[in-house]
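Notes follow once the structure below has been shown.
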Amino acid sequence: MTEHRYSDAERAALYRAIYERRDMRHFLPDPVEPELLRRLLDAAHHAPSVGFMQPWRFIQITAHDLRARLHALVEQERQRTAKALHEREDEFMKLKVEGILDCAVVLVAALCDRREKAVFGRRTLPEMDLASLACAIQNLWLAARAEGLGMGWVSLFEPEDVKQLLAMPDDSHPVAILCLGHVERFYDKPMLEEARWAQRMPLDDLLFENHWNGRAANV
């Protein structure tokens with residue numbers, strides 16, 4: 001039944017945002033209008049979450065010195081990651097892995113402190129907090145693409161260092177540094193694919209049926 005389906009144009013716009021969204025690393029310095037940023041954060045606020053809980057917080061970094069110190073933490077972890085890659089170290093060091101100093105808006109997405117021990121699926125799956133935060137980030141990301149803004153997810157940092165830098169509570173946990181802003185262009189392909197660093201796995205390799213590694217025949 002399709003009576004609840006969006007119109008052809010609406011569905012085309014939705015899928016366009018999904019397939020044309022990119023993890024951006026190159027930004028223009030132009031500011032993002034406050035009302036537009038509020039609209040994007042409201043999209044994140046309306047993300048689905050387990051038990052209608054919203055176990056996440058966004059911290060906007062507006063102080064220039066704080067942004068520089070956050071960038072220094074990312075650069076520190078970039079160096080460590082490069083060392084851990086061994087034979088791919090030189091190749092990795094050529095990649096642009098973040099845009100913290102260039103983008104208009106920097107947000108730190110974090111799980112908040114003092115969470116209840118059991119809320120619906122959280123009793124046996126505390127990971128649902130992280131899933132709910134990921135939904136909020138994805139809502140923000142898709143809304144940004146629809147508005148013509150780029151967003152990048154930076155994960156190269158030591159959580160404890162970021163917590164200390166931002167005076168976060170002991171039980172909170174930073175998950176992502178999000179770079180948001182205007183871009184000259186969106187990459188034709190994901191940047192890591194353009195750089196020949198990695199390829200997306202085929203969908204059929206990720207679909208199982210009935211049991212682990214059972215080949216899915218009907219999808």
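The values are calculated or read from the model by the stated rules, or taken from the named source; none is laboratory data. Remember, it's a predicted structure, so these values are computed and weren't measured experimentally. Glycine also receives a Cβ, built like all others from the backbone with ideal geometry; neighbour counts cover every protein chain displayed. The protein model used for the area step is the full one, side chains on, heavy atoms only, and it has no ligands, DNA or RNA in it. Shrake-Rupley method; radii C 1.70, N 1.55, O 1.52, S 1.80 Å.
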Kindly indicate whether residue 184 is within 20 Å of residue 104 (Cα to Cα) and open to solvent by 50 Å² or more (accessible area, probe 1.4 Å).
yes
Need pairs with beta-carbon distance below 8 Å; first residue over 27 Å from residue 17 (Cα atoms) and at pLDDT below 85 and within the stretch 190-219, second assigned to a strand (DSSP E or B) and open to solvent by 50 Å² or more (accessible area, probe 1.4 Å); sequence gap 6+ or separate chains.
214/208; 215/208; 215/209; 216/208; 216/209; 217/209
In contact (Cβ under 8 Å) with a residue 40 or more places away in the chain and crowded, with 16+ Cβ neighbours inside 10 Å: is that true of residue 111 in this structure?
yes
Do we have any residue at all in the stretch 75-82 that's open to solvent by 50 Å² or more (accessible area, probe 1.4 Å) and not in a helix (DSSP H, G or I)?
no
Would you pick out the residues in the stretch 55-74 that are farther than 15 Å from residue 161 by Cα and either in contact with an Asp or Glu (Cβ under 6 Å, 6 or more places away or on another chain) or open to solvent by 70 Å² or more (accessible area, probe 1.4 Å) (or both)?
55, 57, 60, 62, 64, 65
Could you check how many residues of the stretch 15-60 are free of Cβ contacts under 8 Å to residues at least 40 places away in the same chain and assigned to a helix (DSSP H, G or I)?
8
Which condition breaks for residue 146 when tested against (1) under 22 Å from residue 185 (Cβ atoms); (2) in contact with a strand residue (DSSP E or B) (Cβ under 8 Å, 6 or more places away or on another chain); (3) small (Gly, Ala, Ser)?
(2)
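Please note which helices (runs of 4 or more DSSP H) are completely contained in the stretch 114-219 and include at least 2 residues that are under 17 Å from residue 44 (Cβ atoms) and small (Gly, Ala, Ser). Full working, then the answer.
On the way: elements: 128-146, 159-165, 191-194.
Those helices (runs of 4 or more DSSP H) span 128-146.
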Criterion (in contact with a helix residue (DSSP H, G or I) (Cβ under 6 Å, 6 or more places away or on another chain), at pLDDT 90 or above, of a type in the set (Gly, Ala, Ser) and over 30 Å from residue 90 (Cα atoms)) met by exactly one of 146, 167, 110, 131:
146
Residues satisfying the stated conditions in the stretch 26-52, i.e. open to solvent by less than 60 Å² (accessible area, probe 1.4 Å) and modelled with pLDDT under 95
47, 49, 50, 51
Tell me whether the stretch 134-147 contains one or more residues that are within 16 Å of the chain's Cα centre (by Cα), surrounded by 15 or more Cβ atoms within 10 Å (Cβ to Cβ), within 21 Å of residue 37 (Cβ to Cβ) and of a type in the set (D, E, K, R).
yes
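Please find, among 166, 125, the residue that is on the phi < 0 side of the Ramachandran plot and open to solvent by 40 Å² or more (accessible area, probe 1.4 Å).
Numbers: 166 fails: open to solvent by 40 Å² or more (accessible area, probe 1.4 Å).
The unique qualifying residue is 125.
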Among (1) in contact with a Lys or Arg (Cβ under 6 Å, 6 or more places away or on another chain); (2) part of a loop (DSSP other than H, G, I, E, B); (3) of a type outside the set (Val, Ile, Thr); (4) open to solvent by 10 Å² or more (accessible area, probe 1.4 Å), where does residue 99 come up short?
(4)
